[in-house]
1. Output yes when any residue across segment 333-352 is touching a Gly at 6+ places or on another chain (Cβ under 7 Å), modelled with pLDDT of 90 or more and either part of a helix (DSSP H, G or I) or more than 30 Å from residue 111 (Cα to Cα) (or both), and no when none is.
2. Residues that are farther than 26 Å from residue 284 by Cα, over 24 Å from the mean Cα position of the chain (by Cα) and assigned by TED's automatic domain parsing to the domain that holds residue 296, at least 3 per element: which helices (runs of 4 or more DSSP H) completely within segment 110-190 meet that?
3. Residues that are within 31 Å of the chain's Cα centre (by Cα) and modelled with pLDDT under 90: does segment 12-25 have at least one?
4. Give the residues of segment 61-79 that are acidic (Asp, Glu) and either touching a helix residue (DSSP H, G or I) at 6+ places or on another chain (Cβ under 8 Å) or crowded, with 18+ Cβ neighbours inside 10 Å (or both), sorted by residue number.
5. For residues that are of a type in the set (D, E, K, R) and either touching a residue at least 12 places away in the same chain (Cβ under 8 Å) or closer than 16 Å to residue 279 by Cα (or both), tally how many sit in segment 198-244.
6. Give segment 241-274 a look and list any residue that's within 25 Å of the chain's Cα centre (by Cα), buried (at least 16 other Cβ atoms within 10 Å of the Cβ) and part of a helix (DSSP H, G or I), or say none.
7. Scanning segment 54-99 for residues that are in a helix (DSSP H, G or I) and among the basic types (Lys, Arg), which turns out nearest to residue 227 (Cα to Cα)?
Amino acid sequence: MTETMTRSHRSGLRRGETASGWLFTAPMLILLGLFLVIPVLMALWVSFSDWSGRGSPFSSSVSFTGVDNYEKLLAGGGLAEQDFGTSLRNNAWYVVLVVPIQTAVSLFLAVMVNRAVLRGRGFFRTAFYFPSVTSSVAITVLWLFLFSTTGAVNKALSWIGVHGPNWFNEPSGILHNFLGLFGVQSGPALLTDHDFLGISWWEWLAGPSVAMTAFIIMAVFTTSGTFMLLFIAALQNLGGDVQEAAMMDGANGWQRFWRVTLPQLRPALFTVLTLGLIGCWQVFDQIYTGTQGAPGKTTLTPAYLSYKAAFNDQQWGQGAAIAFILFIIIVLFTLLQRWVLRERPVSKRRARLYTIGEKP
């Protein structure tokens, strides 16, 4: 009897806690539903319709067009497909270069700043983090001045005998420019005669344009400070026992970092790579403020193309479709990244070595 009453009392407490939890979270859930879930669902409907941007997207004058908007982008064979392919190529090179470089730079800065022998660590943390809290619009305007034809960057390059390019007006790809130094001006027929999303494979392999390269440098400069703080927080939570054991076993500094410190930073590394990946695929404000896709659409990104298609060209269905394709790309890359960084079981060969080492 007593046990039954106790269980009933506990169940009542749990029901009360559950009700209280829902009560306290209800305001935020309502706000998220009104300003996030409902707009996303409306945008999803727009991507399957011919809404012109006037009136309600659910009015009787709006027709359901199925996957027509997606088909025009992925297999239409027209300008829409070519622009979308160009934006994906530009953004893909942006991601391939920015994500690993900013991760490596932020980890290097974190390790340096976290060293106990470094004096003025607070100053360096603030200095490295300051670009991250500065307005991206202000940084972009500054970059336009620094990388102009007569800007500070080209002036510094002239001191070492290098004639700097007209950065934000140069559409050529850096890999094609590099091959041009060896007399290669066009690719083989295998690459030039076949295309994907309206862009030849030779153009896919052109690398980022000179203009996009300036944006890549800016992204690394402005984001490394934020990710540095994440790595510093992770480094400060690591115990010193494993490091001391590795030193006793004769491991040098690089071996301790690669074999001991870095594996323990896997959660922080996953966070940094995920945030960097999402941010790079969503780059918009720098392009809007700086070049708006110029020169020659070599700085066009899917995020800016979605805005341009919807608000400038009044192709609201295509703009929404681009946004959802971009969403799928981000999710797939995030899942792939999670799979790559997953915890792996110890191999049988290594486990056998550990077992042999433990035997008396």
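1. No, that holds for no residue.
2. 121-133, 152-159
3. yes
4. Selection gives 68 alone.
5. 1
6. Across segment 241-274, the qualifying residues are 261, 264, 268, 269, 270, 272, 273, 274.
7. If we take residues in segment 54-99 being in a helix (DSSP H, G or I) and among the basic types (Lys, Arg), then 89 is nearest to residue 227 (Cα to Cα).
The rows are residues; the columns are (1) small (Gly, Ala, Ser); (2) modelled with pLDDT of 95 or more; (3) within 20 Å of residue 139 (Cβ to Cβ); (4) in contact with a helix residue (DSSP H, G or I) (Cβ under 7 Å, 6 or more places away or on another chain).
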site: 249; (1), (2), (3), (4): no, no, no, no
site: 256; (1), (2), (3), (4): no, no, no, yes
site: 260; (1), (2), (3), (4): no, no, no, yes
site: 265; (1), (2), (3), (4): no, no, no, yes
site: 271; (1), (2), (3), (4): no, no, no, yes
site: 274; (1), (2), (3), (4): no, no, no, yes
site: 278; (1), (2), (3), (4): no, no, yes, yes
site: 285; (1), (2), (3), (4): no, no, yes, yes
site: 295; (1), (2), (3), (4): no, no, no, yes
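The values are calculated or read from the model by the stated rules, or taken from the named source; none is laboratory data. Treat the numbers as computed from the prediction; the structure is a model and nothing was measured. Cβ: placed from backbone, ideal geometry, glycine included. Neighbour counts: every protein chain shown.
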